[in-house]
Every structure is written in structure tokens, then in C-alpha cells.
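Working notes for the structure below.
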Amino acid sequence: MEKKTQVIEVDRSRYDFRYEEDESEYLESGLTPEIVKAISEEKNDPEWMREFRLRSLETYLRTPMVNWGPEISGLDVDKIVTYIRQKSRMNTDWNEVPEDIKETFEKLGIPQAERESLAGVGAQYDSELVYHNVREEVAQSGVVYTDLESAMHDPVYAEIIKKHFMKLVPPTDHKFAALHGAVWSGGSFVYVPKTVHLEIPLQSYFRLNAKGAGQFEHTLIILEEGAYLHFIEGCSAPKYYEAALHAGCVELYVGKGAKLRYSTIENWSKNMYNLNTKRALVEEGGTIEWVSGSFGSHVSYLYPMSILNGRNARAEFTGITFAGEGQNLDTGAKIIHNAPDTSSYMSTKSISKSGGVSTFRSAVVVKENAHGSKSSVNCESLMLDRISRSDTVPVMDIRTKHCDIGHEAKIGRISDETVFYLMSRGLSEEQARAMIVRGFADNVSKELPLEYAVEMNNLIGLEMNGSIG
Amino acid sequence: MPLFPMYERIDIMSELLKIEGLSASAEDTEILHGVTLGVGEGETHVIMGHNGAGKSTLGSVIMGSPEYRITDGRIFFGGEDITELSTDKRAKLGLFISFQNPIEIPGITLAEFLRNALEEVTGKRMKLWDFKKKLYAAMELLEMDKSYADRDLNVGFSGGEKKKSEILQLLILEPKLAILDETDSGLDVDAVKTVSKGIEEYKKRTGGALIVITHNTKILEALTVDRTHILSAGKIAAEGGAELVDEVIENGFERFSGKE
């Protein structure tokens, strides 16, 4: 198949449109037990969840602010609206979704994607899911794809959720995990039974429409032994001047011999603080594959963690980060080798432009018992001008001699010679640079489903547009 | 000031490429000192000279390399003053250079790159099927395996493959004038033959002009040389017909450099 080769100009308005929200739908901003109780009330939480939220709030209040990464002093959590009431209940029929919300997702191409290439779709608008649906045959195979709130009241799944919810990412992990535990809302629950292979992906799309608000969706995915799933996550928000916060949480349980592919294209608006926590626990012979594209947000802290907990468990992480003007994106991955013969492979690309800061931060931990393990970390950075910045902070904590660890880092700029070469064949300077950047990102776009690869190329084109002079 | 500027202009237009008193520097060192040279449509010119005489610099400056600064003189192509023109616009006018050290571009396949380049120089996007046909035919001529079309541009290519890739680009882009900067250097006898076949095909099909920068005669065997220029220390030291090439091969540059 011929790949998309042209840099298509993308109309930013595709993401920037927004609808006025009704002030009465807001819960008060700030964080008090009263607010948290009100959220719990709204959501009709079971008792254990209400207590969980209140305990998380206490943890949040006594945990100091993060002080090691990009500046987040512009984020005043007390001013963030943590919960926005929904105008309608969650629907499984697209026609029932309120008009303005429906239009939002239609502009983002979600219903079309569902018709064409997905096994199921969830769409979250601000705090709540507005739509969730899976294809008939998928449901029949025993796959569950629903919102966490309803699953918590399901006689079969209530216990599973209680057993797994925030066990991989406990609220004590860091301040924003605690915040998440207190005010989380929306997200997805996916359960794939033993040996069920879902050939086409499930997708969740998160849209934060309200201004000065936070989104705290929780994604919990459980794959039983030998199951296979590809889950895709997309996010976007229109641009406001008030800071917005995304502190979602993703917990993935990959059973014995199961394989989960988790793809994300994140394009939050550039006033977003993206402090998201993602973690996967992989059992014997299981595989987690992360594909992660970070283009949006003002500040990001994002390091998906894979815990390889059984012999022969595998993790693969492929990521790209593109930091433009005013963006400080601190991204990477963590791998914990906690069993013998486990392997991990990390390959990341980062691009910085127009003063953007891109930091790659990784940690590979090989425990004493993880003999025979292999890990390979490869990161490449490209700085497009002299005012941009790129840092690499790889950490390796190796506790056994019997393992094979490799690390490679490259930081570079586009040489005049390379641009000259392409220009001598008729490409303008801008086209030449865009082509070099697209080539640089190619190994990531190859990992994405076609529509997303096109989308990513468009985003690169958009970022590269007007980058000369 | 010429008395009749109009006539001066007509004189320039009769030649495809006209270089007048060209001086150029890299950083603060002047490398070319007043080079004057003209290439007519369809002609084949050879540039020879010692290493460091400024041959590659001349080629790069004609193409508009940012590495050099023109300090004096003008370059005209097809009657148009291109001295200040950006490299891509020169390419669109029909100029081409085969690089001595072709650049590797990871993540972009040879076919993808070339289809884009062709679209830029012709202003038309060729149908994929037609493009592939054209590409594969040229690759066959150059004895390149088809799989190279889907490999990243020049990445991991051997020296010979890189040169073939340059000539492949020449055959697809069909410029009016191509500068071949030591295309034959570092190639074994068979590879020189193959590359020469490609150059011959370009001449035959398009009737385009050539400036061949070389140390050897092998690559010239299949070509009719119209003019030879000997470059020495950034200046044209001698000019002549095809016979000059043989003289240089036989006696070296001594006669022209005045140094030895």
C-alpha cells in the first residue's frame, strides 16, 4: 500500500470547536470532603467506593506536590472543576445522544470509525460517558465493554472491579493518583474472557469540552488467559485560556499468555496539564504492547509502566512525542522485570520545535529473580531549531548479573546538507523538513492503525506548517 | 555597462547554463575565483582537476548549496538569473546534481520520495501504477533489485547502490542539465558500466545536457564530450575539446597547475 506522503494542511478547527456548557451543570470547583461526597452521590457509588474516594482525598491532601519534572505551578487544582453533571444518561443508541455532543464526536470522526473499523466504541464527554456500544458478535463472545459505573453495580463484575480498582496504581503512588482516586469519573471497563481473540479494536474517545475543568476517567482492562485485545484511546479538547487538567488512570491486567495492545493518540489542547498514570501487570508468557503518540497538552508527565510478573512476559513500548511552542512534554516508560526470562523493548522518538521542551525519561528495573531477562532501550531526539530542547534521562536499576541490557540514545538536528539534498530534487525547505520529520516518526506510524497513522502524519504536517522563517 | 544590453541578453539566452565570473566562499575561505563557463543545450562538458581544485564546490554552487556564499559573479539558467534562487526552484527549472555522497533519509522509501520529487518538478502527480512502471523500468536498466524501491532512501545502501540511486533519480526526474559529481568514484568496473548505461539512456531519451566531474575516462566512454574544462585552484586553467581529457589522463595536471 502506498503510504500517505503529502503533508496535508489540517484545519486546527477540527479540534478547536467547542460548545457552551451550562453553568448549572458544574459542581463547585475545589477539593473538600463535601465535593467528593457530592460526586459519590451523583454517581450512586457503592459504599466501598465512597470510602475509597474519601480516603484518597485524605491522601491527596497530605501528599506534597510533585517537584521533579516540568513546572506545574500554573495549575491550581483548587480552581479546577472536578465534576460536570451530564445532561443525559449514557446511551447505547447514537441517536439518543444529545445533539451538540453528537455533533462534537461526528466532527472528530468517531461514529464513522465505529462503523468502519471498530468492534466497539466508548465516548466520554467531560466527566461522563455519553455513549458506549459493542458489536453484537463481540458481546456474544463474552467480551464486556462498558462504563465502570454500571459495571460496579453488576452482580458479576462488581467483585472483579473491587478486586482490581486502583490496585496497580494505588492512590498513595503520587499526588495525582490520589486526586484521581477521590474524583475519578467515567472511563471504561473491558473484560476479555479466556482465549477470546478480538480481531478488531475497541476504542475509547475522551473529549474535555468544559473550560477550567478536569477529566479523571478510569480505564480498567482485564484479559484472561490467552486472550487478545487491541484497545485504542484518543483524546482531544478545544483551546481555552484557563488551565485544564487530565489525571486519568489506566490499569491493565494481562493474563497468562494473553496479549494486549494499547494505542493512544493524545492531542489535548495546549492549555492542558496531562498528568496521566498508566500501568500494566503482565503474567507468564503474556505481552503488553504500548503505542503512544503525544502531541498535545501544555505539560505532560506520562510514563506507562509494565510490570513483567511471570516467566517469559514481554513488554514493548513504541512512542513519539512532539513538543512545540509552549509545550513541556516529559514522557517515557518504565519496565519492571520481576520474573525470569522476561523481555522488554522500548523505542521512542521525540521532536522539539519552536522552543518546545521534550524530555525522555525511562526506567528499567531488573529484580534479582529476573535472571535471563533482556531489555533494549532506544531513544532518538530531533531538535528542529536552536531554541528547542531535548533531554534524555534513562535510569537502569539492574539487580542480577544474568541479564542482557542495552541502551542507545541519539540526539540530533536536521543537517543543512540533508535539507539541501531533498531541495535539489524539487522539494521546498518546508516540505523537506516535514519529510525528514515524517521519516523520523515512521516506525511509530507503522505501529498505528491506518486512520491513526494518517491522523498522526496530519498532526506532524500541522506542527511543521509555517515552521520556516 | 554594455552598449546594447538587449544583445547581451540574447547572447546569454543562447546557452542553457552560463556562469560569469563566479567567486564563492565556504565560511571565510574563497574557493572559486572568477569562474566563467557556458553549457549549451544537450552538450556534455567535463570538469577535471586536482582534489581540492574546487570542482565539487562549483557543482554545489550551481545547485545553490547553503554551504557556500557567492561573493561575485552571476549564474544564468535558461536565460534566467538564478544566482539568488533557492535550490528547489533551480530543480524545478531543470537542474540536477548527482551527489558524491548521497544522504540517507530514514523512514522515507526511495519510491515515496521520488514520486513526491517528480510531482514537485513536473507539477503533476503521476498515477501510482504509471509511476511504478516508470520506476521499475529504470531500476531494471540500472540492475537494481525492485526491493530497493521500498527501502528507506539510501539507508544501508552500499557505495555503488547509492550512486545507482542517484542515477535512478536522474532518469525519473529528467532534468535539462545534470551535474554528475564524481559519480564514478569508488565504483568497480561493472558498476561504472551500469551507471554509464543509465547516463547514456538519460542523454538518449531527454537530450539533456551534462556536466561530468571526474578523474577517469571510463564513465566518458559512451558519451560524446563537447568541451573539457580544467579547474585549478578555483580557476579555469585550460579549456578544450574531448582530446584534453586524454591529455590529462596521460600527462596529469602539471601543465595547467603551474605548481609542479
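Relative contact order of chain A: 11 percent, from C-alpha pairs under 8 Å at least 6 residues apart in sequence. Once Rh is set to the Kirkwood radius over Cα pairs, what Stokes-Einstein translational diffusion coefficient, in µm²/s, holds for chain B at a temperature of 20 °C and a viscosity of 1.002 mPa s? So the translational diffusion coefficient is about 113 µm²/s.
For chain A, what does the helix formula give at 222 nm: sum of -39500 (n - 2.57) over DSSP H segments with n ≥ 4, over the residue count, nearest 500 deg cm²/dmol? Don't skip to the answer; put the middle values down first.
Values: 13 runs with 113 residues, N = 469.
-6500 deg cm²/dmol, from helical runs alone.
Debye-formula intensities of the stretch A:372-422, expressed as log10 I(q)/I(0) at q = 0.14, 0.27, 0.29 Å⁻¹, are -0.55, -1.06, -1.13 (one equal scatterer per alpha-carbon, no solvent). Within 10 Å of the Cβ of each residue in B:145-153, the mean number of Cβ atoms contributed by other protein chains is 1. Summarising the label geometry, the points placed 7 Å from Cα in the beta-carbon direction at residue B:151 and residue A:368 lie 4.9 nm from one another. The label-point distance for residue A:38 and residue A:55, in a model that sets each label 7 Å from Cα toward Cβ, rounds to 2.5 nm.
What GluC sites (Glu not before Pro) in the stretch A:168-240 are in a loop by DSSP, with at most 10 other Cβ atoms within 10 Å of the Cβ?
A:199
Label positions at residue B:28 and residue B:72, each projected 7 Å from the Cα along the C-beta direction, are separated by 2.0 nm. With no solvent and one equal point scatterer placed on each C-alpha of the stretch A:416-469, evaluate the Debye formula and give log10 I(q)/I(0) for q = 0.14, 0.20, 0.29, 0.30 Å⁻¹, two decimals. Values, matching the q order: -0.39, -0.71, -1.08, -1.11. With the helix formula -39500 (n - 2.57) applied to DSSP H stretches of n ≥ 4, chain B reaches a computed 222 nm mean residue ellipticity of -11500 deg cm²/dmol. The share of C-alpha pairs in the stretch B:51-107 whose separation exceeds 19 Å stands at 32 percent.
In chain B, which helices (entire DSSP H runs) extend 30 Å or more along their own long axis, judged by Cα positions, while averaging at least -0.5 on the Kyte-Doolittle scale?
TM-like helix candidates: nothing returned.
Length available on full extension from residue A:73 to residue A:387: 0.36 nm per residue minus the Cα-Cα distance, which gives 110.8 nm. Which of the lysines could be linked to residue A:401 by a straight reach, that is with a Cα gap under 27 Å, when you skip same-chain ones fewer than 8 residues away? Qualifying lysines at Cα under 27 Å: A:256, A:334, A:367, A:374, A:410.
Summarising the strand pairing of the stretch B:5-257, around 60 percent of its internal DSSP beta bridges are antiparallel. Per residue, the Cα convex hull of the stretch A:269-381 amounts to 70 Å³.
The mean of 1/r over all distinct Cα pairs in chain A, once inverted, gives the Kirkwood hydrodynamic radius of 22.6 Å.
For the stretch A:347-405, report the convex hull volume of the alpha-carbon atoms normalised per residue, in Å³, without decimals.
In the stretch A:347-405, the Cα hull volume divided by residue count equals 60 Å³.
A full extension of the chain between residue B:137 and residue B:217 corresponds to an added length of 26.1 nm, given 0.36 nm per residue minus the alpha carbon distance.
Here the relative contact order of chain B, from alpha carbon pairs under 8 Å that lie six or more residues apart, stands at 25 percent. Built from the Cα atoms of the stretch B:113-250, the convex hull projects on average onto 9.4 nm², one quarter of its surface area.
Centre-to-centre separation between the Cα atoms of the stretch B:148-167 and those of the stretch A:250-297: 37 Å. Looking at the protein assembly as shown alone, DSSP beta bridges between its own residues are antiparallel in about 20 percent of cases.
Counting only other chain Cβ atoms within 10 Å of each residue's Cβ, the peptide B:113-120 averages 5.
Quick note: the coordinates plus some simple rules give every number you see, no bench work behind them. Since we're looking at a predicted model, the values are computed, not measured. Virtual Cβ from ideal backbone geometry, glycine too; neighbours counted across all protein chains shown.
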